[in-house]
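What follows is a short report on a single structure.
What follows is calculated from the coordinates using simple rules that are stated; it is not laboratory data. Every value quoted in this text rests on a predicted model; they were computed, and no experiment measured them. Glycine gets a Cβ as well: all are built from the backbone with ideal geometry, and neighbour counts include every protein chain shown.
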Amino acid sequence: MESGERYVNLFTDFGFKKIFGEEINKILLIDFLNVLFTDLETITNITYLKNEQAGYSELDRKAVFDLYCENDKGERFIVEVQRVKQKFFKDRSLYYATYAIQEQAIKGKEWKYELKGVYTLGIMDFTFDERPKNEDKLAHYVQLMDTETHEVFYDKLTFLYLEVPKFHKTETELESNFDKWLFILKNLHKLDKIPVRLQNKIFQHLFQQAEIAKFNKKERLAYESSLKEYRDLESAIETAKEEARAEGLAKGIAEGLAEGLIEGKAEGKAEEKKRIAITALLKGLDNQFVIELTGLSEEQIKELQEELKNRKPKV
């Protein structure tokens, strides 16, 4: 393999969906969700749902989730991997959750607005960097709350954000299953064997499914393409950070590629902007965000999307 790694990178689109989005691997997603959402009754089964959600009319925007599923109680789970920080990341997360709420409306007969729980999981390859006092807090559970009593006002809408870069435990420091899953998310592609502390049935299955050498030709090509997108975006982010540092822009360093380009401090040639836009579109970022990111026009973005339709590999 061109990647030189034994196991997939879970922050690539292909790698994440291979491990958590295939029917044969849903035991992995079930275990992961049970570890994260401990206040729920134990999840014993899930059903994958269509990940592309259309609006009520042709003029409405669509939402495309990385993974979308429900348990046997009808509770919905939206799982999103976010590689790069977006200006309106929280807004986007809330907007996506509304699809899982509205689709529960019962049409054609009396309905009393009773809803099943909706849980949004955001796995982030960046940090919020908003409140230094929380520099060691990597899991953020968010619900509607009474601001005076601090009691949960509504427990059927939950957001969980994982700031994966904040996880620094080594293999010998892993204790809980939460630790083990975070270690896997951050380090799977860096490993060459199953760590001693991950020698159980669940993780053995994960490592077996994640081994690149066992992929068929189509899967290998798809993974290499996905890995290239990941590395291109990572390289572009690092380049923007370096340029921001050179000009002494502390905020540019924190915000990475997006802020650097928006502020005009990472200006480049037309071809470079096009390459960055293609990488961002393949990652599933919103058109408006890509426009802000690169400075390209809406027409140029649409032309790139048409071009990608003819060459993007199907996973």
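For residue 174, neighbours were defined as the other residues whose beta-carbon sits under 12 Å from its Cβ, and their charges (Lys and Arg +1, Asp and Glu -1) total 0. Working from label points 7 Å from Cα in the Cα-to-Cβ sense, the residue 194 to residue 144 distance is 4.4 nm. Scalar couplings 3J(HN,Hα) for the range 82-96, obtained by applying the Karplus form with A = 6.51, B = -1.76, C = 1.60 to θ = phi - 60°, are 10, 7, 10, 5, 10, 4, 10, 4, 5, 4, 4, 4, 5, 4, 4 Hz; x denotes Gly and Pro.
With 0.36 nm allotted per residue and the present C-alpha distance subtracted, the residue 152-residue 47 stretch has 35.0 nm of extension available. Toward the positive end of the charge dipole of the range 148-241, with +1 on the Cβ of Lys and Arg and -1 on the Cβ of Asp and Glu, the farthest Cα among 206, 236, 157 is that of 206.
What share of the DSSP beta bridges in the range 13-214 is antiparallel, in percent to the nearest 5?
Taking every DSSP beta bridge within the range 13-214, about 50 percent pair in antiparallel fashion.
May I ask for the distance between the Cα centers of the range 131-203 and the range 24-51, given as a whole number of Å? The distance from the Cα centre of the range 131-203 to that of the range 24-51 comes to 15 Å.
When the GluC sites (Glu not before Pro) in the range 150-189 are filtered for DSSP coil states and for at most 13 other beta-carbon atoms within 10 Å of their beta-carbon, the remaining sites are 151, 175. In order along the range 277-290, the Karplus-derived 3J(HN,Hα) couplings, from 6.51 cos²θ - 1.76 cosθ + 1.60 at θ = phi - 60°, round to 5, 4, 4, 5, 5, 5, 7, x, 6, 4, 4, 4, 5, 5 Hz, and Gly and Pro are given as x. Shown is the FRET efficiency for residue 94 and residue 116, computed with R0 = 22 Å from the Cβ-Cβ distance and rounded to the nearest 0.05: 0.80. The alpha-carbon of residue 26 sits under 12 angstrom from the alpha-carbons of these aspartates and glutamates, leaving out residues fewer than 8 places away in its chain: 70.
Prolate is the label for the range 13-214. Its Cα gyration tensor axes, ordered a ≥ b ≥ c, give a/c of at least 1.5 and a/b above b/c. In this rough spin-label picture, where each label sits 7 Å from Cα along the Cβ direction, the residue 234-residue 169 distance is 2.3 nm.
Treating only the Cβ atoms of Lys and Arg (+1) and Asp and Glu (-1) as charged, compute the dipole magnitude of the range 62-201 about its Cα centre; round to the nearest 20 debye.
Dipole magnitude for the range 62-201 comes out near 480 debye.
Close lysine pairs were tallied over the range 93-208: pairs 8 or more places apart or on different chains with Cα atoms under 18 Å apart number 19.
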